[in-house]
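The values are calculated or read from the model by the stated rules, or taken from the named source; none is laboratory data. Here the structure is a predicted model, which is why all the values come from computation and not from measurement. Heads up, the Cβs are rebuilt from the backbone with ideal geometry, glycines too, and the neighbour counts pull from every protein chain shown.
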Amino acid sequence: MKCPFCRIGDFAVIDTRSQDNSFPIRRRRVCNQCQRRVWTREQIEVVPLKVVKKDESREPFDPNKLRRGLEKACYKRPLSSDQLESVIRQVESEIYSHYFGEVPAAVIGDMVMKRLRALDQVAYVRFASVYREFKDANDFVQEVRPMLAKGKARNAKKRR
């Protein structure tokens with residue numbers, strides 16, 4: 001950081017103070033050229049995460065929108081609100097750890113579907129029907145067929 005007074009020297013930090021981990025952080029600086037001292041304040045600026053939709057439009061990531069979609073898919077299903085909140089936290093955490101600035105909507109949908117499939121198959125199919133825009137019953141059958149095959153394989157193992 002250049003000195004605003006002499007415009008030649010660089011400011012060096014000689015003291016940092018933070019009050020109970022709150023922001024802004026205050027730093028005492030001194031110019032290595034003119035020796036003037038100043039306090040500066042630093043504040044973290046969070047870049048909001050944007051969701052890139054299918055039509056290439058962008059909107060801010062909203063966990064509440066994700067919650068509403070999950071609640072619709074899980075309506076009258078034996079899933080607790082804690083389980084839904086856990087899915088939301090897991091997805092949100094994964095998004096923020098792997099993406100900066102923008103995340104495709106398809107990635108979010110896939111993350112949710114992966115977790116819903118493990119929790120409740122009916123809720124999974126409901127969510128998939130909206131997310132993948134099923135047009136007719138054949139779309140449902142194609143989505144459910146792999147789950148039915150796994151169920152038959154498990155039942156066959158149990159009988160042995």
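Given the conditions (1) modelled with pLDDT under 90; (2) out of contact with any strand residue (DSSP E or B) (no Cβ under 9 Å at 6 or more places or on another chain); (3) on the phi < 0 side of the Ramachandran plot, report the number of the one that R67 does not fulfil.
It is condition (1) that R67 fails.
For V30, state whether it is closer than 26 Å to P146 by Cα, surrounded by 10 or more Cβ atoms within 10 Å (Cβ to Cβ) and modelled with pLDDT of 90 or more.
Judged against the criteria, V30 is not a match.
Tell me whether region 21-30 contains one or more residues that are closer than 30 Å to G109 by Cα and among the polar types (S, T, N, Q).
no
Can you tell which of L49, L79, L84, L70 is more than 21 Å from the chain's Cα centre (by Cα) and within 30 Å of A118 (Cβ to Cβ)?
L79
Within the group I44, I14, I25, which residue is surrounded by 12 or more Cβ atoms within 10 Å (Cβ to Cβ), modelled with pLDDT under 90 and out of contact with any Gly (no Cβ under 9 Å at 6 or more places or on another chain)?
Residue meeting the stated conditions: I25.
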